[in-house]
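**Q** Before I ask anything, here is the structure I am working with.
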Amino acid sequence: MSARITSITGRQVWDSRGRPTVEAEVALQSGAVGRAIAPAGASRGVHEAVDLRDGGKRLAGLGVDRAVAGIGQEIAPALLGMDARDQRDVDRVLCQVDGTPNKARLGANAIVAVSMAVLQAAAADAHEPLWRYLAGDRTVRIPLPEIQIFGGGAHAGRRTDVQDFMIMCPGADSFRTALEITHDVYREAGRLMEANGPLAGVADEGGWWPGFKSNEDALDTLARAIDRSGHKDVYISLDIAANEFGDESGYAMALDGRRLSGAEMAERMIGWTKRYPILSLEDPAGQDDWTTMASVTRAIGTRVQVVGDDVLVTNAGRVTEAAGRDVCNAALIKVNQVGTVSEAKAALDAAAARGWGTIVSARSGETEDVTIAHLAVGWDAGQFKVGSFTRSERMAKWNEILRIEEAMGSRAVFAGASAFAPGIRKSLT
Ligand code: 2PG
Ligand code: MG
């Protein structure tokens, strides 16, 4: 029985924001089947691969009929007969058939769903869980989770400028323990918000919807919630997503009523890392403001992880270029940001080769698909970012890692502090 691809089907399903997205199903000659669903970002970099949407009035222009049609009319004919185990070949053909540098013609939403479904089918064919199929004989770690407590920015009506207020527990002895600590901090944060002001449900990724007077008010509240949880060694991680409020003329932090130049922005970010127990800082500057990114990294990079997301867009070329200029010391890895599994892996490898931290990440629009949980383990990424600690499209991923941790039994190694670039690792021990 062979792993040749015998059919590929695309269909429209719905994501966690109630928007249409693309699911792909791939069947092999052996009878193995793989399925995957494309996620969708809200804060997107201009250098990302782009989704194909129908436009017009129907479904607010977000329909995916054209993306689904492309799977049937162009992608399937090109991939039928190929060996699903040759992921790199499959992904090369996907890029070729699309023919654009940013997947605009057939859509990154169609392409990423097919690329991940082929991977799932190959693992099913090998009768292995996906993480183990990817890891082979290598020892891989259970990733350190980065979990959102408050959601802001583009995920919460811009109630705070900062997008993600998260926590990390590098001192936990296991993933299971890290989640229990998160549970306690999340509840304490909710209680504080209930006591001190508006508690208006949850944001796009399940974090508390922020009702704060300033960005620093949110930071103070998070620090208090950590304190009240009684747990030690719990750190703050921020995704500033500065792209969303910055351009060539500077950064407009609306909640604080402040306009900052690049240099002032860097100073503010560095100041926060001195006042609060911040261990990780994502996108403290805009996607093309590498000068500000690099000055932040130069100032704090030996004790704080500086993560490139919109800055790097999971692109191996940009990772290598950024590494040459010390723009950051960690890379966020989102498969749909570049479009195929192999290109995402190449970006992760480029970052790991420089000794950077690597974080497999979900998008703000997600589904029940848990493929990325397996990528985080099987690729030994060390860190995993999925959003918050409510809502099943988030919890499904955390729960999947729990299952993997249990399946590994006594061989499970929790990444903990080892997830960070060497300097930061040292400052933690
Ligand atoms: C990010 C992600 C997840 P989005 O910026 O890191 O928080 O957001 O998927 O909207 O780009
Ligand atoms: Mg980000």
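The values are calculated or read from the model by the stated rules, or taken from the named source; none is laboratory data. Small disclaimer: the values here were computed from a predicted structure and weren't measured. Neighbour counts run over all protein chains shown; Cβ positions are idealised from the backbone, glycine included.
For (1) modelled with pLDDT of 95 or more; (2) away from ligand 1 (no atom under 16 Å from the Cβ); (3) hydrophobic (A, V, I, L, M, F, W, C), each residue gets a yes or a no:
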residue: Val13; (1), (2), (3): yes, yes, yes
residue: Pro20; (1), (2), (3): yes, yes, no
residue: Glu23; (1), (2), (3): yes, yes, no
residue: Gln29; (1), (2), (3): yes, yes, no
residue: Ser43; (1), (2), (3): no, no, no
residue: Ala49; (1), (2), (3): yes, no, yes
residue: Lys57; (1), (2), (3): yes, yes, no
residue: Val68; (1), (2), (3): yes, yes, yes
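**Q** If only one of Glu188, Glu194 is charged (D, E, K, R) and crowded, with 21+ Cβ neighbours inside 10 Å, which one is it?
**A** Exactly one residue qualifies, and that residue is Glu188.
**Q** Further, regarding this structure: Surrounded by 23 or more Cβ atoms within 10 Å (Cβ to Cβ), of a type in the set (S, T, N, Q), in the same structural domain as Glu282 (by TED's automatic domain parsing) and more than 16 Å from Met253 (Cα to Cα), is that true of Gln163?
**A** No, not satisfied.
**Q** Mind listing whichever residues of region 224-263 are over 28 Å from Arg44 (Cα atoms), at pLDDT 95 or above and either of a type outside the set (Lys, Arg) or in contact with a Cys (Cβ under 6 Å, 6 or more places away or on another chain) (or both)?
**A** Hits for region 224-263 are Ala225, Ile226, Asp227, Ser229, Gly230, His231, Val234.
**Q** Sticking with this one: Please work out which one of (1) modelled with pLDDT of 95 or more; (2) in a loop (DSSP other than H, G, I, E, B); (3) within 13 Å of ligand 1 (Cβ to nearest atom) is the condition Glu146 fails and give its number.
**A** (2)
**Q** Kindly evaluate Arg35 against the criterion of being of a type in the set (D, E, K, R), within 16 Å of ligand 1 (Cβ to nearest atom) and surrounded by 17 or more Cβ atoms within 10 Å (Cβ to Cβ).
**A** The answer is no for Arg35.
**Q** Of the residues Ala154, Ala135, Ala122, only one is crowded, with 24+ Cβ neighbours inside 10 Å, more than 19 Å from Asn399 (Cβ to Cβ) and either in contact (Cβ under 8 Å) with a residue 24 or more places away in the chain or not assigned by TED's automatic domain parsing to the domain that holds Glu393 (or both); which?
**A** None of the other options fit; the residue is Ala122.
**Q** Residues in region 297-304: is at least one closer than 28 Å to Asn109 by Cα, touching a residue at least 24 places away in the same chain (Cβ under 8 Å) and touching a Ser or Thr at 6+ places or on another chain (Cβ under 7 Å)?
**A** no
**Q** Can I ask one more? Go through region 242-263 and count every residue that is among the hydroxyl-bearing types (Ser, Thr, Tyr) and on the phi > 0 side of the Ramachandran plot. Steps first, answer last, please.
**A** Taking region 242-263 and keeping what is among the hydroxyl-bearing types (Ser, Thr, Tyr), we get 249, 251, 261.
Pick out the ones that are also on the phi > 0 side of the Ramachandran plot and you get none.
Residues flagged as among the hydroxyl-bearing types (Ser, Thr, Tyr) and on the phi > 0 side of the Ramachandran plot within region 242-263 amount to 0.
**Q** Now for a separate question. In region 351-374, which residues are of a type in the set (A, V, I, L, M, F, W, C) and either surrounded by fewer than 24 Cβ atoms within 10 Å (Cβ to Cβ) or in a loop (DSSP other than H, G, I, E, B) (or both)?
**A** Kept after step one, since they are of a type in the set (A, V, I, L, M, F, W, C), are these residues of region 351-374: 351-353, 356, 359-360, 362, 370, 372-373.
Selection gives Ala352, Ala353, Trp356, Ala362, Val370.
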